[in-house]
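Let me begin by presenting the structure, written as structure tokens, before commenting on it.
The values are calculated or read from the model by the stated rules, or taken from the named source; none is laboratory data. Because the structure is predicted, anything quoted here is derived from the model rather than measured. Glycine also receives a Cβ, built like all others from the backbone with ideal geometry; neighbour counts cover every protein chain displayed.
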2 protein chains.
Amino acid sequence: MRSTSVARSVSRSTPGEPPRPTERSGRGGAAGSLVFVVDDDASVRKSLDRLLSAAGYRVQTFDSARAFLARTQLPGEDSQCLILDVRMPGINGLDLQTSMRNSGSTIPIVFSTGFGDVTSSVRAMKVGAVDFLTKPIDEDELLAAVQRGLTLDAETRQLKSVMNALIQRLGRLTPRERQVFALVVTGMLNKQIAGQLGTCERTIKVHRARIMKKMEAGSVAELVRMAVKLGPAIDAPANDRAPVQSRLVLR
Amino acid sequence: MRSTSVARSVSRSTPGEPPRPTERSGRGGAAGSLVFVVDDDASVRKSLDRLLSAAGYRVQTFDSARAFLARTQLPGEDSQCLILDVRMPGINGLDLQTSMRNSGSTIPIVFSTGFGDVTSSVRAMKVGAVDFLTKPIDEDELLAAVQRGLTLDAETRQLKSVMNALIQRLGRLTPRERQVFALVVTGMLNKQIAGQLGTCERTIKVHRARIMKKMEAGSVAELVRMAVKLGPAIDAPANDRAPVQSRLVLR
DNA sequence: TCCCCTATTGCCCCAAAGGCCAATCAGGTG
DNA sequence: CACCTGATTGGCCTTTGGGGCAATAGGGGA
């Protein structure tokens, strides 16, 4: 079905050791998807590169966690997925995983290891790994896992972009408007809100109108939906009118 | 800190093999929480029973998956958690896990096994196991995992009960009212809804009023929140005015 | 000091939401 | 057939939500 032995004219930057990442752009399939391979074993990198490229993915290989972390972060729109070796000199796969998670990275990780122990696999899965495969790796399993990872990443990116747009808008609200916002989405009447905030109804109306404009909501219903999405993110300082880039904890 | 060697007068039903489940009610700590132990090894059951009881949990042990499945399902409000052995004669732990998940059970599972292989652990974690511990089991780890499981179960039960209440109310709506409901929570005006449904505004107002009553919503905002919660469950047949018991797919 | 941003308020007016009462009509059931 | 439920519609009235216009006030910043 799938031919792993793809004979194509590919320009490998460095056949042997790649201090700089290798990239081969696949042609068909899930075009645009980017798969990172981090493994200290050159032969493993090579075969994975071959397999994934043949499957149509763009591939970038790294010989260490350090090299991967130093990669040029292109903010592209492509879905990404990381195939990570557990045991490596320097930073090992598991530590890289937790480190990335802590730094806010949400890139899906598929572990591949030759020395799989239960403890490591469980730890990896608990932290959110897509899969944990042991060598010799079943190609179909790997490709399936990578696909799951890419799909998941696409969804996460989608969600992030929506959330960022919302947070961005929320950031345009003045503190007062945010207070009113919080009460409006509760279903309170202008009169009640006015009472609670100690002002008159007319004022609330004005705030309300500005809120609808700034949040780009066409109706209270939409506003409520936004509030629900923002739910956990609300009450956050949301430093007024700051770009609020990908700093977003998705849980 | 914790004394595993609790010397208390406990009435064990059958010291040796327990075709019928054992139960010991703990006294302090997380009172009310119920922990099931399924393991074919009597000595393991015994020690876990002792450990968990000492920690204050009510414990029920079973010597096989079959015995566990045959347990008397008490619909109590207590949080539950299952400690499951992987390798057992008859139905093994992993199969019991998937079987339970497929049948809609959401009880958190903590695996404990003496023969942990990576494949099994990964499979178990992917299906949603709380943890996968290998023997000899670290008591603190086990207790921590059980506590996570119980907490998770409490949250799941809370969510389920809320969802059931909502589905219950949704079931009281007539088909027409449900149509209007769907459009109202979109933020459409009565006039627009009327146009789309081919009736007059006055009619929509009536439906709307009934919807608010039946759904027990105090405001459109609340109604929208309900719709958001029901979101995935909507469009479901929701056989009119049927009790709709725990049949609910939480994803 | 002058200007801009925010927060407030008052008046007026219109559209929309809701409540009350009454009435019609189609289906299904005892 | 009488009765009940669900879907509709009309009229009338009150409460709310929303906008426009104008004006006041306090805080900062250029």
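Structural remarks
- Search result, residues across the range B:180-195 that are among the hydrophobic types (A, V, I, L, M, F, W, C), within 11 Å of DNA strand C (Cβ to nearest atom) and within 13 Å of another protein chain (Cβ to nearest Cβ): B:Leu183, B:Val184, B:Met188, B:Leu189, B:Ile193
- Any hit, the range A:90-107, residues being in contact (Cβ under 8 Å) with a residue 24 or more places away in the chain and within 13 Å of another protein chain (Cβ to nearest Cβ): no
- The range A:164-179, subset away from DNA strand C (no atom under 15 Å from the Cβ) and buried (at least 19 other Cβ atoms within 10 Å of the Cβ), residue nearest to the other protein chains (Cβ to nearest Cβ): A:Leu166
- Residues in the range B:187-227 that are β-branched (Val, Ile, Thr) and surrounded by fewer than 17 Cβ atoms within 10 Å (Cβ to Cβ) were compared, and the one that is modelled with the lowest pLDDT is B:Thr199.
- Qualifying residue in the range A:133-150 (condition: within 14 Å of chain B (Cβ to nearest Cβ), acidic (Asp, Glu) and under 16 Å from the mean Cα position of the chain (by Cα)): no
For (1) under 30 Å from A:Ala54 (Cβ atoms); (2) more than 31 Å from the chain's Cα centre (by Cα), each residue gets a yes or a no:
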{"residue": "A:Gln158", "(1), (2)": "yes, no"}
{"residue": "A:Met163", "(1), (2)": "no, no"}
{"residue": "A:Leu166", "(1), (2)": "no, no"}
{"residue": "A:Val184", "(1), (2)": "no, yes"}
{"residue": "A:Cys200", "(1), (2)": "no, yes"}
{"residue": "A:Thr203", "(1), (2)": "no, yes"}
{"residue": "A:Arg210", "(1), (2)": "no, yes"}
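- Residues in the range A:219-231 that are touching a residue at least 40 places away in the same chain (Cβ under 8 Å) and either of a type outside the set (A, V, I, L, M) or within 10 Å of DNA strand D (Cβ to nearest atom) (or both): A:Leu223, A:Lys229.
- Hits in the range B:29-81 (condition: in a helix (DSSP H, G or I) and of a type in the set (Ser, Thr, Tyr)): B:Ser43, B:Ser47, B:Ser53
- Filtering the range B:151-158 for residues that are more than 20 Å from B:Phe36 (Cβ to Cβ) and away from DNA strand C (no atom under 16 Å from the Cβ) leaves a non-empty set.
- Residues of the range B:111-128 classified as in contact with a Leu (Cβ under 7 Å, 6 or more places away or on another chain) and farther than 22 Å from A:Lys135 by Cα, total: 2
- All conditions in (1) surrounded by fewer than 19 Cβ atoms within 10 Å (Cβ to Cβ); (2) closer than 27 Å to B:Ile83 by Cα; (3) among the aliphatic types (A, V, I, L, M) hold for B:Leu150, with the sole exception of (1).
- Counted residues, the range B:113-126 - those being under 22 Å from B:Leu143 (Cβ atoms) and either more than 20 Å from the chain's Cα centre (by Cα) or more than 14 Å from chain A (Cβ to nearest Cβ) (or both): 4
- Residue within the range A:196-212 that is more than 14 Å from chain B (Cβ to nearest Cβ) and of a type in the set (Asp, Glu) present: yes
- The residues on offer are A:Asp240, A:Asp235, and the sole one that is away from DNA strand D (no atom under 16 Å from the Cβ), out of contact with any Leu (no Cβ under 6 Å at 6 or more places or on another chain), modelled with pLDDT under 95 and not in a helix (DSSP H, G or I) is A:Asp235.
- Residue match in the range A:130-139 (condition: surrounded by 14 or more Cβ atoms within 10 Å (Cβ to Cβ) and within 16 Å of DNA strand C (Cβ to nearest atom)): no
- Among helices (runs of 4 or more DSSP H) entirely within the range A:138-218, having at least 2 residues that are more than 15 Å from DNA strand D (Cβ to nearest atom) and touching a residue at least 60 places away in the same chain (Cβ under 8 Å) singles out A:139-172.
- Filtered residues of the range B:91-113 (kept if surrounded by 14 or more Cβ atoms within 10 Å (Cβ to Cβ) and outside any helix (DSSP H, G or I)): B:Ile91, B:Asn92, B:Ser105, B:Thr106, B:Ile107, B:Pro108, B:Ile109, B:Val110, B:Phe111, B:Ser112, B:Thr113
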